[in-house]
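Right, one structure below, let's go through it.
The values are calculated or read from the model by the stated rules, or taken from the named source; none is laboratory data. Bear in mind that the values here come from a model prediction, so they are computed numbers and not experimental data. Every residue, glycine among them, receives a Cβ derived from its backbone with ideal geometry; neighbour counts consider all protein chains shown. What goes into the accessible areas is simple: the full protein's heavy atoms, side chains included, and nothing from ligands, DNA or RNA. Shrake-Rupley method; radii C 1.70, N 1.55, O 1.52, S 1.80 Å.
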Amino acid sequence: MDALATDSAQSGAWFGLDGAKVLAHAPFGVLVFDRWGRLIGHNSASEQLLGPLREDRHGEPPRCCELLGCRRPGSALEGRCVLELLRDADGALPEIRIDLARDSEPGAVWITVAPLHGSEVVVTLRPGEYGDRRRRTNPHWISGTRLTVAVLGRTAIASAETPLEGQWLQQRPGQVFKYLLAHRDRLVPIDELAETFWPAGVDAALHNAHYFVHVVRNHLEPGRRKRTASAFIVAESGGYRLDTTRMEIDVDRFESLVSAGLAAGARGDAGAQASLSAAAELYRGDFMADEPYSEWAFAERDRLRSLVAEALRTLAGLASRAHDLDAAAAHLGRLAELEPFDVPVHRELLALQLRRGRHSEAKRHYFSLRMRMRQHFGEDLDFTLTELLAHPGA
């Protein structure tokens, strides 16, 4: 068999078949590029997928970047060329979906890129099928190893390929990772981790801290080779820090939107509402809601609650000035849920409910607030609904 394979390779045939004839009739496209990305060969099926593949008026052949959309903004290959990716890879690249910049079918192709002898490269193409629901390719070997982390609400983690869920997030390894997330802006000394989670014994605590960081790394990078550096948890200067440049963390996006929205609101820019609305939508719950009793999460949780409260107050004010009372009430309603004992917020919401003719809703809300203040603080409200209806701004 080996001898036959060798003879066939040298003669350009497989088991008596003409290789060129097979490629000419193959239902998939085949392109061959030289080391500079110039097209040096192709079969007819590739022209059915990509259109005519001819030299330009200067006699130059097409190049891979113009045919495959390398470096095209918004594409799977944004900022990269398939030849560069192949040089960095060990063997052929996984299949990539390429959206074609044209109106005719197919609107997309799936390509596989592999090295040939010497420095040449072969690319096979198949059409993207109508109704193909596979997501557009953006795996870690194109964009770099990355994590998507959600901490507004219950903690959730995903790599470019799959969610990284499991019981470990609720156990000690998950808590160690969450602690690093809560302090993602700095290096966390190893003795700080040890004292936080194992305050009883110093020597055993330091060993535990190192061990559980190792466990976290294995959960985040299950395919990482032994003794290779972690892409996400960096060890330096007697501690650990997160490489947040490789992570998309929802809370960082939230803070950026709030900051931009409040700044735009202060300037009177129209973009304030869009930024603050996006931030409010992103706030799906309190910071690490799955760690309600972990004291190390309290400060960050309170800080972020203050930020979303300010965003909602600003949104309510913008909606009210635009005479959109329904939107203003919705924003104030969310704010009132976040601040159950903030009487001025509830009073403003009650006044708005009365202005909108929602008297029954206002009555239920008023008596619920009154009972809550009596029960927790022994205080009564200093206004009635009748007074609020007569003097809503008082």
Simple spin-label estimate for H210 and T148 in nanometres, 7 Å along Cα-Cβ: 3.6 nm
Counting heavy atoms of the protein chains only and a 1.4 Å probe, report the per residue accessible area for the chain as a whole number of Å². 57 Å²
Can you list the cysteines of the chain that have no other Cys Cβ under 4.7 Å away? C64
Who wins for biggest fluctuation among R305, R57, R313 in a Gaussian network model of the chain, springs between alpha carbons below 10 Å? R57
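Can you classify the stretch 252-394 as rounded, prolate or oblate using the Cα gyration tensor, where a ≥ b ≥ c are the square roots of its eigenvalues, rounded means a/c under 1.5, and otherwise it's prolate if a/b beats b/c and oblate if not?
On the way: a/c = 2.51, a/b = 1.23, b/c = 2.04.
Oblate, because a/c is 1.5 or more while a/b does not exceed b/c.
With both partners inside the chain, how many of the DSSP beta bridges are antiparallel, as a percent to the nearest 5? Mind showing how you got there, number by number?
Numbers: 34 of 37 bridges.
Around 90 percent antiparallel, to the nearest 5.
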Under 5 Å between amide hydrogens, which residues at least 5 positions from E248 or on another chain qualify, with H placed 1.01 Å from N in the peptide plane? L147, T148, V149
The answer for chymotrypsin sites (Phe, Trp or Tyr not before Pro) in the stretch 260-367 that fall in a DSSP coil and have at most 14 neighbouring Cβ atoms within 10 Å is Y293, F341
Can you give the relative contact order of the chain as a percent, counting alpha carbon pairs under 8 Å and 6+ residues apart? 9 percent
Counting only residues 5 or more places away or on other chains, whose amide H sits under 5 Å from the amide H of V188 once H atoms are built in the peptide plane? Y240, R241
State the extension gain, in nm to one decimal, for the chain segment bounded by E361 and D203, taking 0.36 nm per residue of separation less the distance between their alpha-carbons. 50.9 nm
Need one number: nm distance between label points at E379 and R267, each 7 Å from Cα along Cα→Cβ, rounded to one decimal. 3.9 nm
For the chain, set up a Gaussian network in which alpha carbons nearer than 10 Å are linked by springs, and say which option among L282, L312, L85 fluctuates the most. L85
Angle in degrees between helix 343-355 and the longest Cα principal axis of the chain, rounded to the nearest 10: 90 degrees
Rounded to the nearest 10 degrees, the helix 298-321 long axis (Cα) sits at an angle to the longest Cα principal axis of the chain of 80 degrees
The stretch 211-222 - phi-based ³J(HN,Hα) in whole Hz, Karplus 6.51/-1.76/1.60, Gly and Pro as x: 4, 6, 5, 4, 4, 4, 4, 5, 5, 6, 10, x
At a 1.4 Å probe radius, carbon and sulfur cover how many percent of the accessible area of the chain? 51 percent
Find, among the trypsin sites (Lys or Arg not before Pro) in the stretch 190-249, those assigned to loop by DSSP (not H, G, I, E, B) with at most 11 other beta-carbon atoms within 10 angstrom. R225, K226, R227
Taking amide hydrogens as modeled 1.01 Å from N in the peptide plane, which residues meet the under 5 Å criterion relative to I233, leaving out close sequence neighbours? D243
With n ≥ 4 as the cut-off for DSSP H runs, can you work out [θ] at 222 nm for the chain, using -39500 (n - 2.57) per run divided by the number of residues, rounded to the nearest 500? -14000 deg cm²/dmol
Can you tell which of D34, D185, D56 shows the greatest fluctuation in a Gaussian network model of the chain with Cα springs below 10 Å? D56
Which angle between 0 and 90 degrees, to the nearest 10, do you get for helix 2-11 versus the longest principal axis of the chain when only C-alpha atoms count? 80 degrees
